[in-house]
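Taken together, the values in this text are just the output of simple stated rules run on the coordinates, not laboratory data. Computed from a predicted model, the values in this text were never measured in an experiment. Ideal geometry is used to build each Cβ from the backbone, glycine not excepted, and the neighbour counts take in all protein chains shown.
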Amino acid sequence: RRLFHTYLTAGISGFYRQKDSYLYADAPVTDPDEWQRDRVGEYRTLKGGVMVSVGSQLERLGTFTVDLIAESDRIVSIENAAELEESNQLRLIRVGTVVDTKNRYPFPTSGTGLALSYEFSLAALGGDVGYNALRLSYESYIALAEAWTLYPRVTVGFGDGAMPLSQQFSLGGQESFMGLREDDSRGRQLLLLNLGVRYRLPFALLFDTYAGVRYDLGTISAVPQEIKSSALRHGLGASLGFDTPVGPAVLALGRSFTVGSDSNGKFVQLGPYQFYFFIGYRL
């Protein structure tokens, strides 16, 4: 809440989050022109704690905050993921800014969004793990014509070698990378570029309807040395979205591929088609 009618804000909150994720691994190669990912396990991430926030409004554009967080994290195996199990007490300091000038949500047609944060966990404050991480997401929406919108997005994440799995970045899913399942891969370094074009149909299928295509390019790794051009993965997808009273409803189909080279020249390996559907606002 605001302090003394100024732009300064302060607050304290408790939180608890639980998420189940599948564990994936590369499938044995049966066709040199294709690749597959097999589901090999499942695990649960549990987070709970207390956060004290102090910040300031950046006029009407966004916020600047400093968060002090005492957090308890656990990862437990649901199926064939015992090697991922861990339990950590974290004492985090996070400094970040969020700027949002988008003209509407969902399906904006103009404006930008920026989320930038730097966090560090201190063992000296009673935490089990000390690590540093930088997170950046920038997106822009550009009206090309009355019904057309271009939207590029850049997402970058860098964490050091001590960053625990519960805090690592994720790659995959309709909003992240077309052709990969949600949480397909986790890692401490993330580089992701998305470029999409959306068209508002001249007729409504019960609700305002949008058709779009998107190209994705990115990689995720456990160590910085694995971030290189040969590790980049590509994704292509198409979507149909509806602006419903309960939030956006989106149907999408995507496929990922990799580009490699050998003595015979360049070659492309295609992944499986992935179908996506979600409805409602993201929490």
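Report note on the peptides 9-22, 168-181, 135-148: ranked by the mean count of other C-beta atoms within 10 Å, highest first, their order is 168-181, 135-148, 9-22.
Amide H to amide H distances under 5 Å link Asp208 with Asp243, where only residues 5 or more positions off or on other chains count and H is placed in the peptide plane.
Sorting 92-100, 51-59 by their mean Cβ neighbour count within 10 Å, with the most densely packed peptide first, gives 92-100, 51-59. Summing Lys and Arg as +1 and Asp and Glu as -1 over all other residues whose Cβ lies under 11 Å from the Cβ of Glu86 gives a net charge of -3. FRET efficiency for the pair Tyr16 and Leu240, taken as 1/(1 + (r/R0)^6) with r the Cβ-Cβ distance and R0 = 30 Å, rounds to 0.30. The phi-based Karplus calculation (6.51 cos²θ - 1.76 cosθ + 1.60; θ = phi - 60°) puts the 3J(HN,Hα) values of the range 230-246 at 5, 8, 5, 10, 10, x, 10, x, 10, 9, 10, x, 10, 8, 8, x, 9 Hz, whole numbers, x for Gly and Pro. Built from the Cα atoms of the chain, the convex hull projects on average onto 18.0 nm², one quarter of its surface area.
Comparing Phe15, Tyr118, Val54 along the charge dipole axis of the chain, the residue lying farthest to the positive side is Val54, per the Cβ-charge model.
Of the chymotrypsin sites (Phe, Trp or Tyr not before Pro) in the range 225-283, the ones in a loop by DSSP (not H, G, I, E or B) with at most 16 other beta carbons within 10 Å are Tyr281.
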